[in-house]
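Take a look at the structure set out below.
Every read-out reported here was derived from the displayed coordinates using simple, explicitly stated rules and does not represent laboratory data. All figures in this text were calculated on a predicted structure; none of them were measured in a lab. Because the Cβ atoms are built from the backbone with ideal geometry, glycine has one as well, and the counts that use them run over all protein chains shown.
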Amino acid sequence: MKIAVIGGAGVRTVIFINGLLQRYQQLHIDKVVLYDIDTEKQQIIGKLCRHVIQRNQKDLELTVAEDAISAITGADYIVTTLRVGGDHSRVIDETLALREGVIGQETTGVGGFSMAVRTIPVLLQYCELIEKYAPNAWVFNFTNPSGLVTQALQEAGFHRIIGICDAPSSTKFRMAKHLGVAEKDLYVEFFGLNHLSWIRSVKNQGTEILPDLLMDETFLENIQEFSMFDPDILRSLGLLPNEYLYYYYHREKALENIMKSGATRGKTIETVNLAMMKELKEMDMDADPEGALQVFLYYMAVREESYMSIETGSNEKKMIKKGNLEVPDGMGYAGVMLDCIEGLQSEEGYHLVLSVPNGSCIEDLNERDVIEVTCKVSKEGIVPVPIGNIPEHCYLLIRLLKHYEKLTVKAIQTKSKEVAIQALTLHPLINSYSLAKKLVDLYDTCYGGIF
């Protein structure tokens, strides 16, 4: 079987390949093809990936395609992981928003709107190629804002699209580790939208423990995703939140911390990636592939160490040394995707958190609304667990954000600036027509007329 990675020059591709090496044989995958429009960066990432394969003495075939059609043709599984406009576009998105006093984060904030407007038309073109050259392939969308992008692709008639995010699986991993239980024995049930979801049930070997966890100060303080929240709001909700709800529940804190830091998350990542690529370009990677890999791992560790630190005002820093760093096991995005592939090939299946059409999962949502929810994945397909009625405060926020998403998709389809303004006006982090109008005009001008 063949996996194609569209956007294969992304730095996470190396970690994805390392994760795949642990499971490719049991998943019957023998070929991976990388494709990216940034050919220079793709060659560098391709060399790192090949070295990871060789140092593990594996026989997985990896090639770099010169065009999208050859990458896609005959693929059984396709990963889409794009950043249209590159890292600097994220810096622009976040900076323009901050100048107007609003959060510009690339999924939850207005930066996600700008990225979606640039990205969705490009992904639709790739999906048309997929329909023609790999019509039976499952497409795993890692491209942010993942939920909104997946909604747009589903609405365009591409139904073998699954939105992937590693936040829920990473949360479950840390919960199991803290509790000292095997992940397979811990059932964690999520519902909501991507980066706007809640945990409503946690069962250890079938016994519900969520109420106890909400009262456990040590648990809440030691799980990264929950430690950033005021514990009183968690107990008031009776739910455990996705970390990105921090932007809603503690909006003024997040904005103040970003303003004080003098740098956005996007700027931090751009700086790290530029330094990494500069150092790798100056090396003879063929003569010293392990040295090149260690350079890559150092910068990736620096990048991960800074995650959510700006928004939460965290000053904790770990000392990272070059030289003997291990390649991450790919538990994140790669792990979710590979679990999904394994589930689709198995009789028993797995419970995974994915972005898929609602169907009848959450009451009073449209069946075509893309939600993020715990699903049972097996040879029978991908089936969301029944959620039914949800707390009204969750429902209202989901409906509001879903309406914003749908209007954003409509604005892209019709190239309507007015619909785009309507969409942003509804966004809870904007909540102003005049501000939405100004932001849409700024992004439209900055990117040379996107509407």
- Percent RCO, i.e. relative contact order, over the chain, from Cα pairs under 8 Å lying at least 6 residues apart: 15 percent
- Modelled label-to-label distance, LYS379 and GLU128, 7 Å Cα→beta-carbon offset: nm? 3.8 nm
- Computed magnitude of the charge dipole of segment 396-446 (debye, nearest 20; Cβ of K, R +1, Cβ of D, E -1): 160 debye
- Please name which of HIS51, GLN151, VAL188 has its Cα lying farthest along the dipole of the chain towards the positive end, using unit charges on Cβ (Lys, Arg +1; Asp, Glu -1) and the Cα centre as origin. GLN151
- Message: Can you compute the FRET efficiency between GLN22 and LYS203 using 1/(1 + (r/R0)^6), with r the Cβ-Cβ distance and R0 = 30 Å? Round to the nearest 0.05.
- Response: 0.65
- Item | Simple label model, 7 Å out from Cα along Cβ direction - GLU155 to ARG174, nm | 3.3 nm
- Query: Which of the listed residues, CYS394, LEU274, ILE6, is farthest toward the dipole's positive end in the chain, when Lys, Arg count +1 and Asp, Glu count -1 at the beta-carbon?
  - Reply: LEU274
- Query: Can you name the helices of the chain, as whole DSSP H runs, whose Cα span along the helix axis is 20 Å or more and whose Kyte-Doolittle mean is not below -1.0?
  - Reply: 39-55, 86-99, 110-133, 265-281, 289-305, 392-414
- Would you mind calculating the gained length between ASN366 and ASP286 on full extension (0.36 nm times residue separation, minus the Cα-Cα distance), in nm to one decimal? 23.5 nm
- Query: Of (i) 65, 65, 38; (ii) 57, 55, 48; (iii) 70, 63, 42, which one was derived for Cα extents along the principal axes in Å from the structure shown?
  - Reply: (ii)
- Task: Estimate the FRET efficiency between HIS393 and ASP444 by the formula 1/(1 + (r/R0)^6), using the beta-carbon distance for r and 45 Å for R0, to the nearest 0.05.
- Result: 0.85
- Item | Distance between modelled label sites at GLU100 and ASP216, nm, 7 Å Cα→Cβ extension | 4.3 nm
- Which entries in LYS58/LYS281; LYS410/LYS438; LYS184/LYS253; LYS177/LYS321 show an alpha-carbon gap greater than 29 Å? LYS184/LYS253
